[in-house]
Amino acid sequence: MKLAVITDEISQDLEHALRVMGEYGVRGAELRGLWNVNIADIDDATARRAKKLLEAHGVQVCSIASPFYKCDLFEEGGEAKGPMHLATPRDLSEQMDMLHRCIDLAHFFETPIIRVFSFWKRGELTPEIEQRIVDAFAEPVQLAEQEGVTLVLENEHSCYLGTGAEVARVVQAVGSPHLRVCWDPGNALCAGETPYPDGYEAVREWMTHMHVKDGIIEGGQVRFVIVGEGAIDYAGQFDALQRDGYTGWISLETHARIDGDAERASRLCLQALRQWIKE
(Lines give C-alpha, C1' and ligand atoms only; values in the text may rest on other atoms or scores of the structure.)
Protein backbone atom coordinates (compact mmCIF):
# COMPACT_ATOMS: atom_id res chain seq x y z
CA MET A 1 0.00 0.00 0.00
CA LYS A 2 1.17 3.49 -0.86
CA LEU A 3 -0.14 6.68 0.72
CA ALA A 4 -1.35 9.61 -1.37
CA VAL A 5 -3.46 12.74 -0.85
CA ILE A 6 -6.01 14.50 -3.02
CA THR A 7 -4.01 17.71 -2.89
CA ASP A 8 -6.85 20.24 -2.80
CA GLU A 9 -8.10 18.66 0.42
CA ILE A 10 -5.06 20.36 1.95
CA SER A 11 -4.88 23.47 -0.23
CA GLN A 12 -5.71 24.77 -3.69
CA ASP A 13 -2.10 25.99 -3.71
CA LEU A 14 -0.29 22.89 -4.94
CA GLU A 15 3.09 24.06 -3.68
CA HIS A 16 1.76 24.44 -0.13
CA ALA A 17 -0.03 21.09 -0.30
CA LEU A 18 3.19 19.40 -1.40
CA ARG A 19 5.11 20.95 1.49
CA VAL A 20 2.55 19.61 3.96
CA MET A 21 2.62 16.18 2.33
CA GLY A 22 6.40 16.17 2.61
CA GLU A 23 6.15 16.58 6.38
CA TYR A 24 4.37 13.22 6.53
CA GLY A 25 6.46 11.44 3.92
CA VAL A 26 3.59 11.27 1.42
CA ARG A 27 4.89 10.57 -2.07
CA GLY A 28 1.63 10.28 -4.04
CA ALA A 29 -0.61 13.09 -5.27
CA GLU A 30 -4.10 12.78 -6.70
CA LEU A 31 -4.94 15.88 -8.76
CA ARG A 32 -8.43 17.40 -8.64
CA GLY A 33 -8.23 21.15 -7.96
CA LEU A 34 -5.15 23.24 -8.74
CA TRP A 35 -5.11 26.94 -7.91
CA ASN A 36 -8.93 27.05 -7.91
CA VAL A 37 -9.33 25.31 -11.27
CA ASN A 38 -10.57 21.73 -11.70
CA ILE A 39 -8.06 19.33 -13.24
CA ALA A 40 -10.28 18.82 -16.30
CA ASP A 41 -10.20 22.57 -16.99
CA ILE A 42 -6.54 23.47 -16.45
CA ASP A 43 -4.55 24.81 -19.40
CA ASP A 44 -1.20 23.51 -20.57
CA ALA A 45 0.75 26.22 -18.76
CA THR A 46 -0.85 25.23 -15.44
CA ALA A 47 -0.09 21.59 -16.12
CA ARG A 48 3.57 22.40 -16.74
CA ARG A 49 3.71 24.51 -13.57
CA ALA A 50 2.21 21.65 -11.56
CA LYS A 51 4.55 19.04 -13.02
CA LYS A 52 7.59 21.15 -12.26
CA LEU A 53 6.53 21.45 -8.61
CA LEU A 54 5.74 17.73 -8.32
CA GLU A 55 9.14 16.81 -9.69
CA ALA A 56 10.88 19.28 -7.37
CA HIS A 57 9.18 17.67 -4.36
CA GLY A 58 9.75 14.11 -5.55
CA VAL A 59 6.02 13.36 -5.65
CA GLN A 60 4.35 10.97 -8.10
CA VAL A 61 0.86 11.56 -9.52
CA CYS A 62 -1.21 8.51 -8.69
CA SER A 63 -4.52 9.53 -10.29
CA ILE A 64 -6.34 12.20 -12.28
CA ALA A 65 -9.47 12.81 -10.16
CA SER A 66 -11.69 13.73 -13.08
CA PRO A 67 -15.40 14.65 -12.92
CA PHE A 68 -16.19 12.32 -15.86
CA TYR A 69 -19.85 11.25 -15.86
CA LYS A 70 -20.79 13.66 -13.08
CA CYS A 71 -23.70 14.61 -15.29
CA ASP A 72 -27.19 13.42 -16.11
CA LEU A 73 -27.54 9.99 -17.66
CA PHE A 74 -29.98 11.48 -20.13
CA GLU A 75 -29.17 14.38 -22.44
CA GLU A 76 -31.24 16.92 -20.53
CA GLY A 77 -29.12 19.04 -18.23
CA GLY A 78 -30.07 19.55 -14.61
CA GLU A 79 -28.78 20.87 -11.33
CA ALA A 80 -25.76 19.06 -9.92
CA LYS A 81 -26.68 16.55 -7.23
CA GLY A 82 -23.29 16.65 -5.56
CA PRO A 83 -20.04 18.61 -5.33
CA MET A 84 -18.32 19.49 -8.60
CA HIS A 85 -15.04 20.63 -7.01
CA LEU A 86 -14.75 23.61 -9.37
CA ALA A 87 -15.41 21.57 -12.52
CA THR A 88 -17.30 23.14 -15.40
CA PRO A 89 -20.77 21.52 -15.66
CA ARG A 90 -21.03 19.46 -18.86
CA ASP A 91 -23.89 17.56 -20.45
CA LEU A 92 -23.61 13.94 -21.51
CA SER A 93 -22.73 14.98 -25.06
CA GLU A 94 -19.63 16.82 -23.77
CA GLN A 95 -18.22 14.06 -21.59
CA MET A 96 -16.06 12.28 -24.15
CA ASP A 97 -14.25 15.47 -25.11
CA MET A 98 -13.48 16.01 -21.45
CA LEU A 99 -12.27 12.42 -21.08
CA HIS A 100 -9.89 12.92 -24.01
CA ARG A 101 -8.43 15.92 -22.18
CA CYS A 102 -8.07 13.97 -18.93
CA ILE A 103 -6.32 11.15 -20.76
CA ASP A 104 -3.88 13.67 -22.24
CA LEU A 105 -3.24 14.94 -18.71
CA ALA A 106 -2.79 11.39 -17.41
CA HIS A 107 -0.10 10.83 -20.02
CA PHE A 108 1.52 14.18 -19.22
CA PHE A 109 1.60 13.46 -15.47
CA GLU A 110 2.62 9.83 -16.10
CA THR A 111 -0.25 8.12 -14.31
CA PRO A 112 -2.38 5.30 -15.73
CA ILE A 113 -5.37 5.99 -13.47
CA ILE A 114 -8.35 8.29 -14.12
CA ARG A 115 -11.18 8.42 -11.57
CA VAL A 116 -14.73 8.43 -13.04
CA PHE A 117 -18.36 8.44 -11.85
CA SER A 118 -21.79 6.98 -12.63
CA PHE A 119 -24.16 9.90 -13.33
CA TRP A 120 -26.22 12.00 -10.94
CA LYS A 121 -28.79 9.98 -9.04
CA ARG A 122 -32.29 11.02 -10.16
CA GLY A 123 -34.46 8.51 -8.33
CA GLU A 124 -33.90 4.85 -7.59
CA LEU A 125 -31.35 2.67 -9.32
CA THR A 126 -33.35 0.22 -11.45
CA PRO A 127 -32.09 -2.72 -13.54
CA GLU A 128 -32.83 -0.66 -16.65
CA ILE A 129 -30.76 2.30 -15.44
CA GLU A 130 -27.96 0.01 -14.34
CA GLN A 131 -27.84 -1.52 -17.82
CA ARG A 132 -27.80 1.95 -19.35
CA ILE A 133 -24.78 2.80 -17.18
CA VAL A 134 -23.05 -0.38 -18.32
CA ASP A 135 -23.75 0.57 -21.95
CA ALA A 136 -22.51 4.13 -21.36
CA PHE A 137 -19.05 2.80 -20.49
CA ALA A 138 -18.56 0.97 -23.80
CA GLU A 139 -17.01 3.94 -25.64
CA PRO A 140 -14.95 5.28 -22.68
CA VAL A 141 -13.52 1.82 -21.99
CA GLN A 142 -12.62 1.33 -25.65
CA LEU A 143 -10.79 4.67 -25.58
CA ALA A 144 -9.05 3.75 -22.32
CA GLU A 145 -7.84 0.51 -23.88
CA GLN A 146 -6.50 2.34 -26.93
CA GLU A 147 -4.72 4.91 -24.74
CA GLY A 148 -3.34 2.47 -22.18
CA VAL A 149 -5.09 3.96 -19.15
CA THR A 150 -7.44 2.56 -16.52
CA LEU A 151 -10.72 4.20 -15.56
CA VAL A 152 -11.52 3.65 -11.88
CA LEU A 153 -15.23 3.92 -11.09
CA GLU A 154 -15.81 5.50 -7.70
CA ASN A 155 -18.81 4.57 -5.59
CA GLU A 156 -20.39 7.99 -4.97
CA HIS A 157 -23.61 8.42 -3.00
CA SER A 158 -24.78 11.40 -5.06
CA CYS A 159 -24.52 9.23 -8.19
CA TYR A 160 -26.47 6.11 -9.13
CA LEU A 161 -23.75 3.75 -7.92
CA GLY A 162 -23.13 4.63 -4.29
CA THR A 163 -22.22 1.30 -2.73
CA GLY A 164 -19.47 -1.18 -3.24
CA ALA A 165 -21.99 -3.79 -4.32
CA GLU A 166 -23.36 -1.48 -7.03
CA VAL A 167 -20.03 -0.46 -8.58
CA ALA A 168 -18.82 -4.06 -8.47
CA ARG A 169 -21.86 -5.24 -10.45
CA VAL A 170 -21.31 -2.65 -13.17
CA VAL A 171 -17.55 -3.19 -13.44
CA GLN A 172 -18.10 -6.94 -13.64
CA ALA A 173 -20.78 -6.49 -16.31
CA VAL A 174 -18.51 -4.25 -18.43
CA GLY A 175 -15.83 -6.91 -18.13
CA SER A 176 -12.73 -4.94 -19.08
CA PRO A 177 -9.37 -4.60 -17.29
CA HIS A 178 -9.55 -0.92 -18.26
CA LEU A 179 -12.53 -0.30 -15.94
CA ARG A 180 -11.88 -1.04 -12.29
CA VAL A 181 -13.12 0.24 -8.91
CA CYS A 182 -12.04 3.22 -6.85
CA TRP A 183 -13.23 2.04 -3.44
CA ASP A 184 -14.46 4.80 -1.11
CA PRO A 185 -15.67 3.50 2.27
CA GLY A 186 -16.85 6.99 3.30
CA ASN A 187 -19.16 7.25 0.32
CA ALA A 188 -20.45 3.73 0.98
CA LEU A 189 -21.34 4.83 4.52
CA CYS A 190 -23.26 7.78 3.09
CA ALA A 191 -25.11 5.40 0.74
CA GLY A 192 -26.25 3.19 3.64
CA GLU A 193 -23.82 0.32 3.14
CA THR A 194 -21.59 -1.14 5.86
CA PRO A 195 -18.23 -0.27 4.28
CA TYR A 196 -16.24 -3.00 5.95
CA PRO A 197 -16.70 -5.86 5.60
CA ASP A 198 -19.75 -5.69 3.28
CA GLY A 199 -18.72 -3.10 0.71
CA TYR A 200 -15.11 -4.18 0.61
CA GLU A 201 -16.00 -7.82 0.11
CA ALA A 202 -18.02 -6.79 -2.95
CA VAL A 203 -15.27 -4.68 -4.55
CA ARG A 204 -12.00 -6.31 -3.57
CA GLU A 205 -11.70 -8.38 -6.75
CA TRP A 206 -12.16 -5.25 -8.89
CA MET A 207 -10.33 -2.66 -6.77
CA THR A 208 -7.40 -0.72 -8.21
CA HIS A 209 -7.53 2.53 -6.21
CA MET A 210 -8.91 3.68 -2.85
CA HIS A 211 -10.09 6.90 -1.24
CA VAL A 212 -10.17 7.30 2.54
CA LYS A 213 -12.45 9.43 4.68
CA ASP A 214 -14.42 8.66 7.84
CA GLY A 215 -17.76 9.75 9.21
CA ILE A 216 -20.34 9.59 11.98
CA ILE A 217 -24.03 9.14 11.30
CA GLU A 218 -26.03 11.89 13.01
CA GLY A 219 -29.75 12.28 12.42
CA GLY A 220 -29.62 10.15 9.32
CA GLN A 221 -26.78 12.21 7.82
CA VAL A 222 -23.04 11.60 7.77
CA ARG A 223 -20.70 14.11 9.37
CA PHE A 224 -17.09 13.62 8.28
CA VAL A 225 -14.50 13.25 11.02
CA ILE A 226 -10.83 12.38 11.45
CA VAL A 227 -10.02 8.96 10.05
CA GLY A 228 -10.33 6.38 12.80
CA GLU A 229 -12.82 8.41 14.85
CA GLY A 230 -15.91 7.52 12.84
CA ALA A 231 -18.20 4.60 12.17
CA ILE A 232 -16.01 2.84 9.59
CA ASP A 233 -13.93 -0.11 10.76
CA TYR A 234 -10.67 1.09 9.25
CA ALA A 235 -8.60 -1.20 11.47
CA GLY A 236 -10.41 -4.15 9.95
CA GLN A 237 -10.29 -2.61 6.48
CA PHE A 238 -6.53 -2.10 6.51
CA ASP A 239 -5.93 -5.53 7.99
CA ALA A 240 -7.94 -6.95 5.07
CA LEU A 241 -5.94 -4.93 2.55
CA GLN A 242 -2.71 -6.30 4.02
CA ARG A 243 -4.11 -9.83 4.03
CA ASP A 244 -5.26 -9.54 0.42
CA GLY A 245 -1.94 -8.15 -0.76
CA TYR A 246 -3.24 -4.79 -1.98
CA THR A 247 -0.33 -2.82 -3.45
CA GLY A 248 -2.17 0.19 -4.88
CA TRP A 249 -2.60 3.73 -3.63
CA ILE A 250 -4.55 4.81 -0.56
CA SER A 251 -5.58 8.41 -1.29
CA LEU A 252 -6.71 10.62 1.59
CA GLU A 253 -9.84 12.64 0.78
CA THR A 254 -10.33 14.19 4.20
CA HIS A 255 -13.71 15.98 3.84
CA ALA A 256 -13.50 16.61 7.60
CA ARG A 257 -13.01 20.16 8.83
CA ILE A 258 -11.78 21.46 12.17
CA ASP A 259 -13.24 24.92 12.69
CA GLY A 260 -13.51 25.10 8.92
CA ASP A 261 -9.84 24.20 8.46
CA ALA A 262 -9.26 21.42 5.92
CA GLU A 263 -5.48 21.42 6.27
CA ARG A 264 -5.62 20.84 10.00
CA ALA A 265 -8.04 17.96 9.52
CA SER A 266 -5.85 16.49 6.78
CA ARG A 267 -2.82 16.62 9.06
CA LEU A 268 -4.64 14.72 11.81
CA CYS A 269 -5.89 12.18 9.28
CA LEU A 270 -2.37 11.65 7.95
CA GLN A 271 -1.11 11.08 11.48
CA ALA A 272 -3.85 8.51 12.02
CA LEU A 273 -3.23 6.73 8.70
CA ARG A 274 0.40 6.16 9.58
CA GLN A 275 -0.64 3.53 12.13
CA TRP A 276 -2.14 1.42 9.34
CA ILE A 277 -0.07 2.20 6.26
CA LYS A 278 3.58 1.28 6.37
CA GLU A 279 5.09 1.62 2.94
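Determine whether region 151-169 contains at least one residue that is more than 18 Å from Ala136 (Cβ to Cβ) and either in contact with a Lys or Arg (Cβ under 7 Å, 6 or more places away or on another chain) or of a type in the set (Asp, Glu) (or both). First the steps, then the outcome.
So the first thing to find is which residues in region 151-169 are more than 18 Å from Ala136 (Cβ to Cβ), and the list is 157, 163-165.
Add one more test, that the residue is either in contact with a Lys or Arg (Cβ under 7 Å, 6 or more places away or on another chain) or of a type in the set (Asp, Glu) (or both), and what stays is none.
No, there is no match, as no residue in region 151-169 is more than 18 Å from Ala136 (Cβ to Cβ) and either in contact with a Lys or Arg (Cβ under 7 Å, 6 or more places away or on another chain) or of a type in the set (Asp, Glu) (or both).
Among the numbered criteria (1) within 18 Å of the chain's Cα centre (by Cα); (2) touching a residue at least 40 places away in the same chain (Cβ under 8 Å), which single criterion is violated by Ala272?
Of the numbered conditions (1) within 18 Å of the chain's Cα centre (by Cα); (2) touching a residue at least 40 places away in the same chain (Cβ under 8 Å), the odd one out for Ala272 is (1).
Of all residues in region 140-166, which are polar (S, T, N, Q), in a loop (DSSP other than H, G, I, E, B) and out of contact with any helix residue (DSSP H, G or I) (no Cβ under 7 Å at 6 or more places or on another chain)?
Across region 140-166, the qualifying residue is only Ser158.
So which residues in region 247-266 are closer than 18 Å to Gly186 by Cβ and either surrounded by fewer than 18 Cβ atoms within 10 Å (Cβ to Cβ) or at pLDDT below 95 (or both)?
Thr254, His255, Ala256, Arg257, Ile258, Ala262
Being touching a helix residue (DSSP H, G or I) at 6+ places or on another chain (Cβ under 6 Å) and part of a loop (DSSP other than H, G, I, E, B) is the filter here, so list the residues in region 211-230 that pass it.
Lys213, Ile226, Val227, Gly228
Considering region 238-251 alone, what residues qualify as being polar (S, T, N, Q) and assigned to a strand (DSSP E or B)?
Scanning region 238-251 gives a single hit, Ser251.
If you take the residues of region 28-43 that are among the acidic types (Asp, Glu) and over 13 Å from Val61 (Cβ atoms), which of them is surrounded by the fewest Cβ atoms within 10 Å (Cβ to Cβ)?
Asp43
Of these, Leu99, Leu73, which one is more than 17 Å from the chain's Cα centre (by Cα), under 15 Å from Phe137 (Cα atoms) and crowded, with 17+ Cβ neighbours inside 10 Å?
So the residue among Leu99, Leu73 that is more than 17 Å from the chain's Cα centre (by Cα), under 15 Å from Phe137 (Cα atoms) and crowded, with 17+ Cβ neighbours inside 10 Å is Leu73.
Name every residue in region 171-196 that is of a type in the set (Val, Ile, Thr) and surrounded by fewer than 24 Cβ atoms within 10 Å (Cβ to Cβ), in order of residue number.
Correct list: Val174, Thr194.
Got a sec? Which helices (runs of 4 or more DSSP H) wholly within region 30-139 have at least 2 residues that are at pLDDT 95 or above, touching a Pro at 6+ places or on another chain (Cβ under 8 Å) and under 23 Å from Gly162 (Cβ atoms)?
95-108
Look at Ala235 and say whether it is outside any loop (DSSP other than H, G, I, E, B), more than 28 Å from Arg19 (Cβ to Cβ) and hydrophobic (A, V, I, L, M, F, W, C).
Here the answer is yes, as Ala235 does meet what is asked.
Across region 210-230, which residue is surrounded by the most Cβ atoms within 10 Å (Cβ to Cβ) among those that are more than 30 Å from Thr150 (Cβ to Cβ) and among the hydrophobic types (A, V, I, L, M, F, W, C)?
That would be Val225.
Does Trp206 meet the test of being under 20 Å from Val5 (Cβ atoms), under 16 Å from the mean Cα position of the chain (by Cα) and touching a residue at least 12 places away in the same chain (Cβ under 8 Å)?
no
Go through Gly199, Gly230 for me and flag whichever is on the phi < 0 side of the Ramachandran plot, among the small types (Gly, Ala, Ser), at pLDDT 95 or above and over 18 Å from the mean Cα position of the chain (by Cα).
Within the list Gly199, Gly230, the selection yields Gly230.
When region 118-170 is examined, which residues are found to be hydrophobic (A, V, I, L, M, F, W, C) and exposed (fewer than 14 other Cβ atoms within 10 Å of the Cβ)?
Residues of region 118-170 that are hydrophobic (A, V, I, L, M, F, W, C), as a first pass: 119-120, 125, 129, 133-134, 136-138, 141, 143-144, 149, 151-153, 159, 161, 165, 167-168, 170.
Within region 118-170, just Ala138 meets the criteria.
The values are calculated or read from the model by the stated rules, or taken from the named source; none is laboratory data. Being a predicted model, the structure only gives us computed values, none of them experimental. All Cβ positions, glycine included, derive from the backbone under ideal geometry; neighbour counts span all protein chains shown.
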